[in-house]
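Working notes for the structure below.
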Amino acid sequence: MEDVKTFISICYNLRPIDLLAMVCVCKDFKNILDERINPLAEGIWRNSRINFTIFKDNEPPSRMSQQTFARLLTFEKGCQFCKSKMKSCTIYWNPGVRSCKECIIPKTFSYQLLRTTLKIDMEILELIVPVTPNIDLSNSELKLTYYWIEHVKNVITFFMKANDNIQHALNNLKIEAKNIYNEAKDYEDWMNNLHEMYLKRQDEIFQKFCSEMSEDTLLRLEGDSEFVIMKKEIQNNPFFLIQDWSNYKTKILQILDRINNVGSITTTTFTVTRVPNKNQYADEIVQKQIRIIKRLRRLTYGSVRVAQNQIISIRDLLYQYLPICPSFVNPPDGDYSQEFFIGKLLPTLRKEAERLFLAEVVAPPYILDIEGALLVGGLKDKSVFECNVCHQYGPTNLKKIKSHLISCHDFDSSHKSLVLGTKVNCDSVLSNLFHAFFLKEEN
Ligand SMILES: [Zn+2]
Ligand SMILES: [Zn+2]
C-alpha cells in the first residue's frame, strides 16, 4: 500500500510521455494509471498534461479518457502506426488516432468506394461519421471524405441485426453521428489554432537563435544533413520541439561543434575524401571511414557469416546516403570490430540513411548510376563501365568504353552519348568500393 502511494506521488511529477512509458513497465503500473480501475488516475493524467504540456486549455472530447487524450497529444512519439517522427502527424479526432497520411488511408474507405463500388445507401452513409479532419492529400485539389473501416462495419452490422421497427434507433444514431462530427470539428479548430500559433512562436525563437550566428556559420549549418533533418522535424511537429527548446538548441550546438572540427568535409555538397599517402599519417576520421567501408564491403560480399537480414545489398539505401550520414561524416569512437560494427554502428548508419531519405535530403552522386560514378571521381579510371547497347562489352574503363561506343555503335563523343550508352557494373563497383568513397592523393 505504501508502495502504491509512493508510486502515485511520483506520477504526479511526470510528463505524459513518462507516464505512457510507466504504463508499459508492468501490469500493476498499468492498472494504477487506468481510469476505469483507479479513481485517482484521471487526475494524474490531467495534472500531467496541464503542468507539462502546452495543451492546457481544453478537456478531452466526451467518451475519451484523460489517458487517451494525453496519449494522442504526445506528438513527440510520431505516427502511432509507423512510429515515424519524420512525417507530419495529424490527430484525427474521429476515430481518435494520431497518424501520418500514409498510414491512415489504408484504414479507411473513401466516399467514392462506398457509393459507387459498394453501392451503400446514402441513408446508411449518413450514420457514419467521416474521418475528421478530412485527410488532406496535398496532390489533389479536392478534399475527399473518408470513413474509418471499423465504423463502416459497425453500422452495417447494426442494419443486419435490426428488425423492422428501427426508425427510433435510426433517429438516435443520426443525432449521435451529428454530435460526434460537430465535436470532432471543434477539436480540429482548436488544434489548427494552436498549430498556427506555435509555428509562429517557434519561428520567432528560431530566427532569434539564427540571428546570433555569423552568416558563414549559418550557411555551413544549412548545408549539414543532420541539421536539415532537425529543421524538418520542427516543421512537422512544432508542439514538442518548442516545449523542449533547450534540448533542441543543445543538439544544434553539437552539430556546430562537429562542423567546426571536421572542417573541410561538407556534407550536402559531397566531395570525395582524399586519402593521404600511405606513409603519411591518415587522419583519424578517414581511418575510421576506411574501416567502415571495409566492414560494409565484407557484409555486401557475404564473406562474413551473419544473419540473412544483416547482409547488405549494394543497392541498399545506405550506399546511397553513406557519404552524408552523420555517423560516417563524423564516425563515433569504438573498436570497429565486427561486433561493434554489426551491433552498433551499422544499425545507426541505416537509421540515418533512412531519415535522410524520408527528409528528402538531396542524395550525393549515386555510385551505381553512370553520372554518379563519373562524379565521384575515384571510379572514373576503374573497370566498372559496361556497354548498355550490346551488353557484351565490359566491365572496362572509361576510355575503352568511349571508343567502343564510337567504333561499334556509331555514338559521338559527347557526355550525353556516354551516359546513354553506358551502365555501371555493380560487382565491379563493389570490388572498387574504396575508390567510390575516397580519392587517392595525387603526388
Ligand atoms: Zn505513419
Ligand atoms: Zn556495345
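Divide, for the chain, the radius of gyration over alpha carbons by 2.2 N^0.38 Å, where N is the residue count.
1.28
Name the most mobile residue of R98, R355, R46, meaning the one with the largest mean-square fluctuation, in a Gaussian network model of the chain with Cα contacts below 10 Å.
R46
Taking the Cα centre as origin and putting +1 on Lys and Arg beta-carbons and -1 on Asp and Glu beta-carbons, what dipole magnitude results for segment 283-383, to the nearest 20 debye?
About 380 debye.
What does the extension gain come out to for K294 and M64, with contour length at 0.36 nm per residue minus their alpha carbon separation?
77.4 nm
What FRET efficiency comes out for the pair D136/K251, r = Cβ-Cβ distance, R0 = 22 Å, nearest 0.05?
It comes to 0.15.
How many angstrom separate the Cα center of segment 8-54 from the Cα center of segment 108-136?
Going from one Cα centre to the other spans 37 Å.
Taking the Cα centre of the chain as the origin, how large is its charge dipole in debye, to the nearest 20, when only Lys and Arg (+1) and Asp and Glu (-1) carry charge on their Cβ atoms?
With Lys and Arg at +1 and Asp and Glu at -1, about 1160 debye.
For K400 and Q310, what is the calculated FRET efficiency with R₀ set at 41 Å and r taken between the beta-carbons, to the nearest 0.05?
The value I calculate is 0.65.
Hey, for a label at E102 modelled as a point 7 Å past Cα toward Cβ, could you say which residues of segment 341-367 have their backbone N under 20 Å away?
347-364
Using mean Cβ contacts within 10 Å as the protection proxy, how do 204-215, 31-42 order, highest first?
31-42, 204-215
Spin-label point model (7 Å from Cα, Cβ direction): what's the M213 to L420 distance in nm?
Spacing of the two 7 Å Cα→Cβ label points: 4.4 nm.
Going by average Cβ neighbours within 10 Å, how do the peptides 422-433, 4-15 rank, with the highest at the top?
422-433, 4-15
If each of I156 and D412 carries a label point 7 Å out from its Cα toward its Cβ, how far apart are those two points in nm?
Reported label-point gap for I156 and D412 is 6.2 nm.
Which residues in segment 156-199 have a backbone N closer than 11 Å to a point placed 7 Å from the Cα of D121 along the Cα-to-Cβ line?
Counting only backbone N, you get 159-160, 166-167.
Given points 7 Å out from each Cα along the Cα-Cβ axis, report the N47 to K178 separation in nanometres with one decimal.
4.1 nm
Suppose we keep just the DSSP beta bridges with both residues in the chain; what percent of those would be antiparallel, to 5?
Counting DSSP beta bridges with both partners in the chain, the antiparallel share is about 80 percent.
How high is the FRET efficiency from C390 to Y301, r the C-beta distance, R0 25 Å, rounded to 0.05?
0.30
What whole-number distance in Å separates the alpha-carbon centres of segment 68-99 and segment 137-204?
Value for the Cα centre distance between the two parts: 16 Å.
Treating only the Cα positions of segment 370-440 as identical point scatterers, give the base-10 log of I(q)/I(0) from the Debye formula at each q in 0.14, 0.16, 0.20 Å⁻¹.
For segment 370-440 at q = 0.14, 0.16, 0.20 Å⁻¹, log10 I(q)/I(0) is -0.37, -0.48, -0.72.
Throughout, read-outs are computed from the coordinates displayed, never taken from laboratory work. Model, not experiment: these values are computed from the prediction. Here the Cβ is made from the backbone with ideal geometry for all residues, glycine too, and neighbour counts use every protein chain on show.
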